[in-house]
Amino acid sequence: MTHAFPATAPQLGLYPVVDSTAWIARLLDAGVRTIQLRIKDRQEHEVEEAVRTAIALGKQYRARLFINDYWRLAIQYQAYGVHLGQEDLEVADLAAIRNAGLRLGISTHDDAELDRALALRPSYIALGHIFPTQTKEMPSAPQGLTELKRHLARLPHISTVAIGGITLARAPEVKATGVGSIAVVSAITQAPDWRAATRQLLDIAGAGSGIAETPSSSVSG
Ligand SMILES: Cc1ncc(COP(=O)(O)OP(=O)(O)O)c(N)n1
Ligand SMILES: Cc1nc(C(=O)O)sc1CCOP(=O)(O)O
Ligand SMILES: [Mg+2]
């Protein structure tokens, strides 16, 4: 039987997905407590410093800092967690991630992907994309809120995240589905006033429950 990854907070709250340590620092300072560093299409050595810095900031703020894709570096620097998509699952060493005590979040876009993700017993399931998005080219159609609710009905015992095209205006109806977290890129990074957008999104989604315990936080705080 597949062993489970460590649980994360049932409610992860607002979950910005950003591509630099500058964004990580300013959003943690603004009260965000779940966050992801997502740098695409670089060699591992090119992102190592950013990953290391992001993880250190996550520990400093006792936040849930997830590293997208670069799971080896996430293990090396003891991140709170790793986020992987379906293709990433083909190549990642899931046993190594689990043995290092990291949380695992997995992307899903339909029932088949959800079945596959659930079999791995991850820490959270991401459901996307909910609305059309300009941030990432998607091969599938947006699921919409009805499909999101149908998927959530299968997931009462695991932390859930909605992602894709979630604007400030749409966030309340996404939150009303009962999903545990709202993940956003452009709603914050392209906002005319990112501070105001973050404050309003935190009001809607919250900052999540509890504080993060990373593999080394009992040692380094
Ligand atoms: C919270 C969250 N959900 C989904 C994704 C997308 O992950 P993936 O499918 O691996 O695509 P890339 O982000 O790697 O392009 C995510 N990063 N975060
Ligand atoms: C990185 C990513 N993954 C998605 C998925 O559905 O798996 S949608 C997405 C981009 C989300 O950006 P925005 O909030 O700007 O729409
Ligand atoms: Mg990925």
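The values are calculated or read from the model by the stated rules, or taken from the named source; none is laboratory data. The structure presented is a predicted model; accordingly, all values stated were derived computationally and were not measured. As a convention, Cβ positions derive from the backbone with ideal geometry for all residues, glycine included, and neighbour counts pool all protein chains shown. Only protein heavy atoms, including side chains, enter the accessible area calculation; ligands, DNA and RNA are left aside. Shrake-Rupley method; radii C 1.70, N 1.55, O 1.52, S 1.80 Å.
Filtered by the rule that a residue be under 15 Å from L145 (Cα atoms) and outside any loop (DSSP other than H, G, I, E, B), the stretch 168-198 gives A171, P172, E173, V174, K175, S181, I182, A183.
Among the residues of the stretch 108-119, the one identified as in contact (Cβ under 8 Å) with a residue 40 or more places away in the chain and within 15 Å of ligand 3 (Cβ to nearest atom) is T108. Of the listed requirements (1) more than 18 Å from the chain's Cα centre (by Cα); (2) at pLDDT 95 or above; (3) open to solvent by less than 70 Å² (accessible area, probe 1.4 Å), G221 misses just one: (2). Is the stretch 82-95 home to any residue that is within 16 Å of ligand 2 (Cβ to nearest atom), in contact with a helix residue (DSSP H, G or I) (Cβ under 8 Å, 6 or more places away or on another chain), open to solvent by 30 Å² or more (accessible area, probe 1.4 Å) and under 18 Å from E147 (Cα atoms)? So far as the stretch 82-95 goes, no, none of its residues is within 16 Å of ligand 2 (Cβ to nearest atom), in contact with a helix residue (DSSP H, G or I) (Cβ under 8 Å, 6 or more places away or on another chain), open to solvent by 30 Å² or more (accessible area, probe 1.4 Å) and under 18 Å from E147 (Cα atoms).
L28 falls short of the stated requirement of being away from ligand 3 (no atom under 16 Å from the Cβ), in contact (Cβ under 8 Å) with a residue 40 or more places away in the chain and buried (at least 16 other Cβ atoms within 10 Å of the Cβ). L155 meets all of the listed conditions (1) more than 19 Å from S209 (Cα to Cα); (2) in a loop (DSSP other than H, G, I, E, B) but one, namely (1).
Count of the stretch 173-218 residues, restricted to those that are farther than 14 Å from V32 by Cα and either of a type in the set (D, E, K, R) or at pLDDT below 95 (or both), is 9. When R103 is tested against (1) charged (D, E, K, R); (2) away from ligand 2 (no atom under 11 Å from the Cβ); (3) touching a residue at least 24 places away in the same chain (Cβ under 8 Å); (4) farther than 23 Å from G81 by Cα, exactly one condition is not met: (4).
Put simply, of A4, A112, A9 the only residue that is touching a Gly at 6+ places or on another chain (Cβ under 6 Å), within 25 Å of R150 (Cβ to Cβ) and surrounded by fewer than 24 Cβ atoms within 10 Å (Cβ to Cβ) is A9. Within this structure, Q11 passes the test of being polar (S, T, N, Q), farther than 22 Å from R98 by Cβ, within 16 Å of ligand 1 (Cβ to nearest atom) and touching a residue at least 60 places away in the same chain (Cβ under 8 Å). Note on the stretch 154-177: residues that are open to solvent by less than 10 Å² (accessible area, probe 1.4 Å) and over 18 Å from H109 (Cα atoms) total 1.
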